[in-house]
């Protein structure tokens, strides 16, 4: 029988951290060193682990319960319970320190925050920071101004550390305009047009663009001892870990590509990174799925294998229509993204009565994007179900960087038939002349990832 | 009135070369220096230029006739004409020195030779040299063994020359397994399923794979003075010219990419390059359209613009369905190719009677390929018109090179319905999760390039 006050004293700064689960109390001191999620477990120390396991739901299985049970030291004192449960004020909410968000973001989940950019934000080339879509897997770490260190671990185990000051003073600064897109962007379209999918039901707003500023990863890796021209055999992947335990990796060929533009970024559209977007330090991997642009970056491990994290191994992969029970080990992690496009607004400048015999002028706008730095070379629009296509005008936005890491905005003016409903279709082509699949059925996957079929809007 | 015997003496080795066109005789000495096609014009000197203009049909227009007319010096003597025309034996056939070809190649045009690989050759991972598809724009140059020099011209006009011996002795040798594919592969499918297209009507055999051996272009360029880390501002494109005047270019980013594997190749599948495939020296640009892998390479010019050749500027581009009069200047040259796949054989191991109520086992084989070194990660087959898909087995062929520059062969065993005809469909996905468009209508272009819709074979 242990009192809550005593449990509270065994917090993350204590030499013997404890956690509770339900009524049970555990001394996890000996577990921390081998915990796959690393020291992030200390965030829960001194209180209940239940709120965290609701986020890291991977813990909710028997073998994890069994591990924890080995460290049990007692139960919470009856006096501290109400109806046999912990009172809600005694349970730490990991999200109380999250920043405020713009009310116009379309929130899918609040804890952790997942919110997409509304049409207003999608209409601009550079998405304003407060309109940039938010994809958080956990809470937002709290970092004291200027107090942060990045550690790089080389394949031989050697570690080098860099303060923010080191990074800013010792390496040349670079600007790169890059679009970040979630693998699940437009997942709701796949659900609506094919069938149910697992995951957040994003519409077309899990994508945004910013000008990022920072130092090149390849320069810092070279300083740490990894010269691109003589990489050790086992330097195959750069694994990134964030302060909140999120992790992911990219192939070293991308990490050290002289035209790859991978940044350790401090700034976003000319300002310090907002807390939601990785303050004070984030990786930006242009052309790759946003899941690899790890926020709140604290460690880089150079390894012969991909990140062991669940987000690298058991998420952000794609499957085929026949894969009803996906084999995660066989599917390739999503890195470069396929080509996609979307309509973000349709307007009707001079709408005649709907029973008019004349066709009806419409203006359509949207974006198109392809991964791997492949520039969008054309966007085609159809208002007759794909029988005929017109080419949209591509907007001449200016970007920084070695390749086309950005979306291309486009505009189209045409006619809509007045007799009944019209579906407006859009599809794009990139410089490798890849184009989008016509319909969702043939690219359907239970995860609903990479929903890139022709975008269709009925008006 | 000039006798044929005198004209003959003014051949390519004469200080005053002449050509004839129809009955007229021209002294082209002063024209050679400014001829856009360069010295290739000398191939026709001493005889009629008509056979060459049938190949270089770009000449058949008034402004070219006007230029030639300025150099007229007389007419062919009546005595040498039969019915007012040159006798056929007096007209040089530029193709008489072409090599013999394997009789099983499917010939589309004999002069110049354009012939595709038959199913037998497509079934092997490395296409046997004599089965490798042939795409010649002109005759095959005759090169004496070992007698060849490559010239590299830098942006400042400086030239460096390398004999074959220099290249072989001074640079490390590399092997790269690479698929070459014509931009027009499967053009006939587009014609059959959409509408008429201009160009050779290739089926699925304008593609082949070989192991190429040679030295890296980037190493030779570095020796010539172009270090990748400090390229001059105007070093944007590497322009290649062949002995027969064909020319094309690639972006410098590809030419010097440490993982780009661009070769100056001497060998193909372990043997000297066959004459049809570029003997003695050819560029291999893995992952790009084959039109950039210039054969019989004699010169590389580093420039701030693309090759001026018609094949770079007025060919090997792609358009949209609405571009009935293509604007060549606006379309981007095809470099990296989009993903495609094809069925190369369907067999029926134990065919029951066609009126059987049971489904009928079939085995299907084929290839899948994507440009830019993007590996094929899955191939899906449907026998019910795309309603359901099964995953094909990918063959584990071994390749050399930094990226996946090769086709992936695949096999599928399944059931075909016995009631009537069945269409077998195939589509592939690459590591950037790009996939193929469903049908030809939406990617139709008058040139019939990049016909990459799902391959359909009716059985």
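Structure above, values below:
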{"read-out": "Hey, residue B:243 buried (at least 18 other Cβ atoms within 10 Å of the Cβ), under 26 Å from residue B:407 (Cα atoms) and not assigned by TED's automatic domain parsing to the domain that holds residue B:373 or not", "value": "no"}
{"read-out": "Unmet criterion (only one of (1) not in a strand (DSSP E or B); (2) not assigned by TED's automatic domain parsing to the domain that holds residue B:281) for residue B:344", "value": "(1)"}
{"read-out": "Given (1) at pLDDT below 95; (2) out of contact with any helix residue (DSSP H, G or I) (no Cβ under 8 Å at 6 or more places or on another chain); (3) crowded, with 17+ Cβ neighbours inside 10 Å, number of the condition residue A:229 does not satisfy", "value": "(3)"}
{"read-out": "Only one of B:420, B:414 that is more than 14 Å from every other protein chain (Cβ to nearest Cβ) and over 29 Å from residue B:320 (Cα atoms)", "value": "B:420"}
{"read-out": "Qualifying residue in segment A:65-80 (condition: at positive phi, surrounded by 14 or more Cβ atoms within 10 Å (Cβ to Cβ) and in contact (Cβ under 8 Å) with a residue 40 or more places away in the chain)", "value": "yes"}
{"read-out": "Candidate set from segment A:2-21 (those that are assigned to a loop (DSSP other than H, G, I, E, B) and in contact with a helix residue (DSSP H, G or I) (Cβ under 7 Å, 6 or more places away or on another chain)); member that is farthest from residue A:139 (Cα to Cα)", "value": "A:3"}
{"read-out": "In segment A:423-438, the residues that are more than 8 Å from chain B (Cβ to nearest Cβ) and closer than 15 Å to residue A:374 by Cβ", "value": "A:428, A:430"}
{"read-out": "In segment B:439-459, residue farthest from the other protein chains (Cβ to nearest Cβ) [restricted to those that are surrounded by fewer than 21 Cβ atoms within 10 Å (Cβ to Cβ) and under 22 Å from residue A:453 (Cα atoms)]", "value": "B:456"}
{"read-out": "Any hit, segment B:371-393, residues being more than 29 Å from residue B:213 (Cα to Cα), without any contact (Cβ under 8 Å) to a residue 40 or more places away in the chain, in a strand (DSSP E or B) and within 8 Å of chain A (Cβ to nearest Cβ)", "value": "yes"}
{"read-out": "Residues that are within 14 Å of chain A (Cβ to nearest Cβ) and over 23 Å from residue B:208 (Cβ atoms), drawn from segment B:236-254", "value": "B:236, B:251, B:252, B:253"}
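Condition check ((1) at pLDDT 95 or above; (2) assigned by TED's automatic domain parsing to the domain that holds residue B:228) across all residues:
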| residue | (1), (2) |
| --- | --- |
| B:265 | yes, yes |
| B:272 | yes, yes |
| B:277 | yes, yes |
| B:290 | yes, yes |
| B:298 | yes, yes |
| B:302 | yes, yes |
| B:321 | no, no |
| B:324 | no, no |
| B:333 | yes, no |
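Residues checked against (1) surrounded by fewer than 21 Cβ atoms within 10 Å (Cβ to Cβ); (2) closer than 20 Å to residue A:321 by Cα:
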{"residue": "B:369", "(1), (2)": "no, no"}
{"residue": "B:372", "(1), (2)": "no, no"}
{"residue": "B:378", "(1), (2)": "no, yes"}
{"residue": "B:381", "(1), (2)": "no, yes"}
{"residue": "B:384", "(1), (2)": "yes, yes"}
{"residue": "B:387", "(1), (2)": "yes, yes"}
{"residue": "B:404", "(1), (2)": "no, no"}
{"residue": "B:409", "(1), (2)": "no, no"}
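Conditions (1) modelled with pLDDT of 95 or more; (2) crowded, with 16+ Cβ neighbours inside 10 Å; (3) not in a loop (DSSP other than H, G, I, E, B), marked per residue:
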| position | (1), (2), (3) |
| --- | --- |
| A:95 | no, yes, no |
| A:98 | yes, yes, no |
| A:104 | yes, no, no |
| A:107 | yes, no, yes |
| A:125 | yes, yes, no |
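The values are calculated or read from the model by the stated rules, or taken from the named source; none is laboratory data. Bear in mind that the values here come from a model prediction, so they are computed numbers and not experimental data. Ideal geometry is used to build each Cβ from the backbone, glycine not excepted, and the neighbour counts take in all protein chains shown.
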